[in-house]
Structures are given as C-alpha cells and as structure tokens.
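Engineer: Encoded as structure tokens, here's the structure I'll be asking about.
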C-alpha cells in the first residue's frame with residue numbers, strides 16, 4: 001500500500017471551505033485515493049475516491065494533482081457536524097483490499 | 001449507501017468470560033469483512049480479515065486463539081473475544097467492501113467492549 005502523509009490537525013470556520021491535504025508520493029499508476037472520516041465514537045464513513053480526475057459528490061470534492069502525488073479533500077461549506085478525523089488512504093489494487101489507517105487529520109470546525 | 005450493522009453496540013463483561021460481536025451486511029453480500037479495534041484517541045488498527053467459508057487471516061501480533069472469527073454466511077461475520085481481560089476493553093469495528101461499487105468500504109457503527 002502507498003503511504004500517505006496528512007497534517008495532524010486543522011481547523012476551519014463554520015461556513016467556510018475546509019481543504020484537507022494529503023501526500024501520497026509513492027502511489028502507483030492504478031491505485032485509487034480514498035477518503036474516509038470518523039466522527040467521535042462512530043464507525044468510519046466513506047466520503048469519496050478518485051484515480052486521476054477530480055471528483056465531486058454530495059459530500060465533498062477531491063482534487064488530485066496531475067502527477068498524482070498529492071490530493072486535497074474539499075468540504076465546500078463546513079458545518080459543526082463535519083468535525084471528525086479525516087483519513088486519506090491508498091489501499092491498493094484490489095477492490096476488496098484491506099484498509100490500513102494512518103493517523104489522519106483531526107478537523108475542528110469552529111462556530 | 002450500503003449498511004453494515006453491529007451487535008451489540010455496547011457490552012460489559014467480567015474478566016475471564018467470552019464475548020461475541022456480530023457484524024452484518026444488511027443490503028449486500030460480503031465475502032470478505034474486516035475487523036478493527038480502536039483505543040481511545042488512537043487510530044483504527046486492523047485485526048483480521050474475515051473470509052466467508054474459510055479461515056480468517058490475522059494481522060501480525062493478533063492472537064487468533066483469543067479473537068475467534070467466524071464468517072458463516074455472506075452477510076454475517078462474528079468476532080468472539082475469548083477469556084476477556086481489562087486490556088481487551090476497546091472499540092471494535094467491522095467493515096465490508098461492496099463489490100462493484102468502486103471498492104469503497106462500509107463500516108459498522110462499532111461495539112464498545114468494557115471488561116471489568
């Protein structure tokens with residue numbers, strides 16, 4: 001699995017865009033980047049994933065650099081409920097690959 | 001999205017007893033499920049891969065005789081913590097990938113185990 005590096009913590013004002021960076025410089029050509037988050041005392045929640053192109057869904061946008069060595073998860077209008085630990089993961093080729101969690105980024109949304 | 005449930009959500013047991021935790025995929029079949037444990041303020045640690053119809057695969061350092069995993073059907077995996085001790089107190093979480101959906105995994109809500 002490609003190793004990922006994320007900042008330990010970040011904060012963002014409510015209503016503003018939260019931009020969470022992730023470095024994955026050892027990613028291979030066919031490996032996807034996945035983002036999950038874990039709200040306190042809950043199971044992790046899938047957010048979004050991508051390969052090369054930028055992706056957007058109802059939760060977030062994912063911007064992947066052209067060289068694929070880094071990506072940014074964007075929560076366009078952060079709310080207090082977005083306070084969580086966010087994990088950037090590159091699990092490998094298989095669609096059923098096990099997920100190894102790193103430390104993630106603890107995002108705090110301030111009122 | 002797909003739903004994974006866990007039962008019980010919380011359990012308190014006495015030291016030396018065994019506890020069974022169930023993980024179910026409610027609206028899809030899962031030939032593979034994963035079990036994690038999480039200590040306070042720590043990240044999730046993968047314990048084992050549960051394989052339907054075959055033996056589980058354990059991560060290095062996880063005692064297979066202590067954490068028994070059974071994946072008897074395509075929608076159910078169980079984790080039994082045998083002879084539990086206070087140091088086994090933790091948050092146990094399962095996950096299952098939904099094939100054909102891009103590879104994302106769906107996580108259960110977790111089970112809080114407290115061993116007294």
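Engineer: I need the calculated FRET efficiency for the pair residue B:112 and residue B:74, taking r as the beta carbon distance and R₀ as 35 Å, to the nearest 0.05.
Structural biologist: 0.85
Engineer: Residues of A:52-60, mean number of Cβ from any other protein chain within 10 Å of their own Cβ, rounded to a whole number?
Structural biologist: Partner Cβ neighbours, averaged per residue: 0.
Engineer: On to the next question. Which of the peptides B:52-65, B:34-47 is most tightly packed, and how do the rest follow, going by the mean number of other Cβ atoms within 10 Å of each residue?
Structural biologist: Ranking, from highest mean packing down: B:34-47, B:52-65.
Engineer: For a Förster distance of 22 Å, can you work out the FRET efficiency between the beta-carbons of residue A:77 and residue A:54, rounded to the nearest 0.05?
Structural biologist: 0.75
Engineer: Shifting gears a bit: Need the C-alpha centroid separation for the range B:36-80 versus the range A:1-77, integer Å.
Structural biologist: 27
Engineer: Taking only C-alpha pairs under 8 Å that are 6+ residues apart, what is the relative contact order of the range B:14-94 in percent?
Structural biologist: Dividing the mean separation by the residue count of the range B:14-94 yields 41 percent.
Engineer: Above 24 Å lies some portion of the pair distances; for chain B, what is it as a whole percent of all C-alpha pairs?
Structural biologist: 19
Engineer: Restricting the count to DSSP beta bridges whose residues both fall in chain B, what percent are antiparallel, rounded to a multiple of 5?
Structural biologist: 90
Engineer: Something else: Once R0 is set to 22 Å, what does the formula 1/(1 + (r/R0)^6) return for the Cβ-Cβ distance between residue A:41 and residue A:108, expressed as a FRET efficiency to the nearest 0.05?
Structural biologist: Calculated transfer efficiency: 0.85.
Engineer: Please compute the average number of Cβ atoms from other chains found within 10 Å of each residue's Cβ in peptide B:34-40.
Structural biologist: Neighbouring Cβ atoms belonging to other protein chains average 2 per residue here.
Engineer: Averaged over its residues, how many other protein chain Cβ atoms are within 10 Å of peptide A:100-106's Cβ atoms?
Structural biologist: What the average comes to for A:100-106 is 3.
Bear in mind these aren't lab numbers, they're just calculated from the coordinates by the rules spelled out. All values reported here derive from a predicted model rather than from experimental measurement. Virtual Cβ from ideal backbone geometry, glycine too; neighbours counted across all protein chains shown.
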